[in-house]
Amino acid sequence: MRFILMGMVTKESEAAAAPPTAEQFAAMQRYNEELAKAGILLAAEGLTATSKGARVKFSGDKRTVIDGPFTESKELVAGFSIVQVKSLQEAVELVKRTPNVFPNGEAVIEIRKLMDVEDFGDQFTPNEEIAKVKY
């Protein structure tokens, strides 16, 4: 199973306040390298502040572009990792071991399973070309 681990935005990360210390950065790097060597970590990226982003709102055929920053910062993703583990519980245990690199010590990491073909049920029959893609 693949899970996305989403580090949620904090006031500090959205304001581009103090970045992690060298020690915090090194601890996170060691942690990520350990997971990558074990074949667990598939991807890991940080995201810039929403002030440097945009949203596209869909309403029927209409598209509206909304420039950042976005006000509901408690619901925004600041970075993510994609891991491959056997269960949600294993993903939870990985996250509990993650070094806390947030200056004020407060952080939230949301864990969500990435959908696989099996998650769509029997009514879904994948296109042959799509079926060839290996995750």
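The set of residues in the range 3-44 that are part of a loop (DSSP other than H, G, I, E, B) and in contact with a helix residue (DSSP H, G or I) (Cβ under 6 Å, 6 or more places away or on another chain) contains only Val9. Among the residues of the range 17-43, those that are within 25 Å of Lys86 (Cβ to Cβ), open to solvent by 60 Å² or more (accessible area, probe 1.4 Å) and of a type in the set (A, V, I, L, M) comprise Ala38, Leu42. The C-beta contact set for the range 19-30 (first residue closer than 19 Å to Thr48 by Cβ, second residue open to solvent by 90 Å² or more (accessible area, probe 1.4 Å) and part of a helix (DSSP H, G or I), distance under 9 angstrom, 6+ apart or interchain) comprises Pro19/Phe25. Any residue that is touching a Ser or Thr at 6+ places or on another chain (Cβ under 9 Å), of a type outside the set (Gly, Ala, Ser) and without any contact (Cβ under 8 Å) to a residue 60 or more places away in the chain - is there at least one of those in the range 9-18? Within the range 9-18 (the criterion being touching a Ser or Thr at 6+ places or on another chain (Cβ under 9 Å), of a type outside the set (Gly, Ala, Ser) and without any contact (Cβ under 8 Å) to a residue 60 or more places away in the chain), the answer is no, since none of the residues qualifies.
Filtered by the rule that a residue be in contact (Cβ under 8 Å) with a residue 60 or more places away in the chain and touching a Lys or Arg at 6+ places or on another chain (Cβ under 8 Å), the range 48-84 gives Ser73, Ile82, Val83, Gln84. The set of residues from the range 86-101 being modelled with pLDDT under 95, hydroxyl-bearing (Ser, Thr, Tyr) and loosely packed, with under 14 Cβ neighbours inside 10 Å is empty. In the set Ala49, Ala78, Ala44, only one residue is touching a Pro at 6+ places or on another chain (Cβ under 9 Å) and closer than 25 Å to Gln29 by Cα; that residue is Ala49.
Taking the range 62-85 only, how many residues are loosely packed, with under 11 Cβ neighbours inside 10 Å and either among the β-branched types (Val, Ile, Thr) or modelled with pLDDT of 95 or more (or both)? So the answer is 6.
The values are calculated or read from the model by the stated rules, or taken from the named source; none is laboratory data. Treat the numbers as computed from the prediction; the structure is a model and nothing was measured. Glycine gets a Cβ as well: all are built from the backbone with ideal geometry, and neighbour counts include every protein chain shown. In case anyone asks, the SASA skips ligands and DNA or RNA and just uses the protein heavy atoms, side chains included. Shrake-Rupley method; radii C 1.70, N 1.55, O 1.52, S 1.80 Å.
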